[in-house]
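The values are calculated or read from the model by the stated rules, or taken from the named source; none is laboratory data. Every value quoted in this text rests on a predicted model; they were computed, and no experiment measured them. Because the Cβ atoms are built from the backbone with ideal geometry, glycine has one as well, and the counts that use them run over all protein chains shown.
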Amino acid sequence: MNPMPPGVTVFPDEEALARAAADLFALSAADAVTARGRFTVALSGGTTPLRTYELLATDPHRVTVPWRRVHVFWGDERCVPPGHHDSNYGAAKRSLLSRVDVPQEQVHRIPAELGAVPAAAAYEKELREFFGAGLLPAFDLIVLGLGEEGHTASLFPRSPALDVTAHLAAPVMPPPPAHPRVTLTLPVLNHARHVLFLVAGSAKAQALREVFSGQGLRPVPAALVRPVDGRVNWYVTRDASLLLGK
Ligand code: 6PG
């Protein structure tokens with residue numbers, strides 16, 4: 001069997017992946033609070049991370065993670081109301097935030113219901129107020145997923161948002177019927193201390209192969225996430241990894 005690319009860990013199934021991801025989150029939180037008195041995390045949307053969020057809301061993590069020191073952000077959001085079934089905030093609230101003791105003022109929701117352009121501006125303002133006006137946010141952990149065509153957060157192939165470097169957040173207008181979105185930009189993703197990708201299922205195998213193959217005219221968006229001073233871990237299921245090294 002071909003060796004896995006650096007940073008890639010293969011799990012037999014989604015439950016094992018979710019358990020390991022919850023453990024990494026908890027360890028990252030403990031380390032950040034010890035070092036800096038707080039833990040700043042940007043959560044991913046989509047379905048893959050939901051089991052991880054549920055495990056974080058379950059003992060032991062529900063009790064041992066220093067939730068009162070945790071500041072929750074999102075990597076991206078769809079332009080729907082927070083209670084909408086497509087809302088990344090809504091999904092994280094149901095699976096995690098309604099069950100753990102993160103102070104409400106430490107939940108930094110993207111107000112995407114305002115519309116992509118004003119919401120991106122509002123989110124950027126909140127990021128700058130929190131992390132410091134002249135600084136690139138340095139998240140302790142950013143959790144990301146991978147789309148079947150290689151997108152991550154809401155950075156889609158050939159999207160103008162991929163080229164945004166002067167802003168921390170950007171509006172995304174995918175072709176209908178997809179919702180407009182707001183996404184963190186690559187400079188923010190690449191300034192994280194730690195990025196954790198969660199990738200499950202055979203449908204992601206081709207995209208995962210393209211992330212690491214370096215082939216093609218333009219790398220897929222997820223391949224552009226290479227934190228300059230940070231670590232990237234790829235937690236993938238065996239069926240998602242089957243084309244790696246082929
Ligand atoms: C979103 C996510 C997106 C997601 C991938 C994978 O808002 O949809 O941020 O980047 O992580 O599309 O989604 P699944 O985990 O549902 O496959």
From the options 192, 203, 207, residue that is surrounded by fewer than 16 Cβ atoms within 10 Å (Cβ to Cβ) and out of contact with any Ser or Thr (no Cβ under 9 Å at 6 or more places or on another chain): 203
Filter pass, residue 100 being assigned to a loop (DSSP other than H, G, I, E, B), closer than 12 Å to residue 181 by Cα, over 14 Å from the mean Cα position of the chain (by Cα) and at pLDDT 95 or above: no
Every residue from segment 63-86 that is among the charged types (D, E, K, R), within 16 Å of the ligand (Cβ to nearest atom) and not in a loop (DSSP other than H, G, I, E, B): 76, 77, 78
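Matching residues to (1) out of contact with any helix residue (DSSP H, G or I) (no Cβ under 9 Å at 6 or more places or on another chain); (2) crowded, with 17+ Cβ neighbours inside 10 Å; (3) free of Cβ contacts under 8 Å to residues at least 12 places away in the same chain:
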site	(1), (2), (3)
139	no, yes, no
143	no, yes, no
146	no, yes, no
149	no, no, no
156	no, yes, no
161	no, yes, no
167	no, yes, no
175	yes, no, yes
Lone unmet requirement of (1) away from the ligand (no atom under 16 Å from the Cβ); (2) buried (at least 19 other Cβ atoms within 10 Å of the Cβ); (3) aliphatic (A, V, I, L, M) for residue 26: (2)
Pairs where the first residue, in segment 195-210, is polar (S, T, N, Q) and the second is in a helix (DSSP H, G or I), C-beta under 7 Å, 6+ apart: 202/239; 202/240
Residue in segment 61-75 that is of a type in the set (A, V, I, L, M), exposed (fewer than 14 other Cβ atoms within 10 Å of the Cβ) and over 19 Å from residue 140 (Cα atoms) present: yes
Residue ID - nearest to the ligand (Cβ to nearest atom), chosen from residues in segment 35-56 that are aliphatic (A, V, I, L, M) and either in a helix (DSSP H, G or I) or touching a Lys or Arg at 6+ places or on another chain (Cβ under 9 Å) (or both): 50
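Yes/no per residue for (1) more than 10 Å from the ligand (Cβ to nearest atom); (2) in contact with a Phe, Trp or Tyr (Cβ under 9 Å, 6 or more places away or on another chain); (3) assigned to a helix (DSSP H, G or I):
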residue: 142; (1), (2), (3): yes, yes, no
residue: 171; (1), (2), (3): yes, no, no
residue: 191; (1), (2), (3): yes, yes, no
residue: 195; (1), (2), (3): yes, yes, no
residue: 207; (1), (2), (3): no, no, yes
residue: 218; (1), (2), (3): yes, no, no
Unmet criterion (only one of (1) modelled with pLDDT under 95; (2) in contact with a Phe, Trp or Tyr (Cβ under 7 Å, 6 or more places away or on another chain); (3) of a type in the set (Ser, Thr, Tyr)) for residue 213: (2)
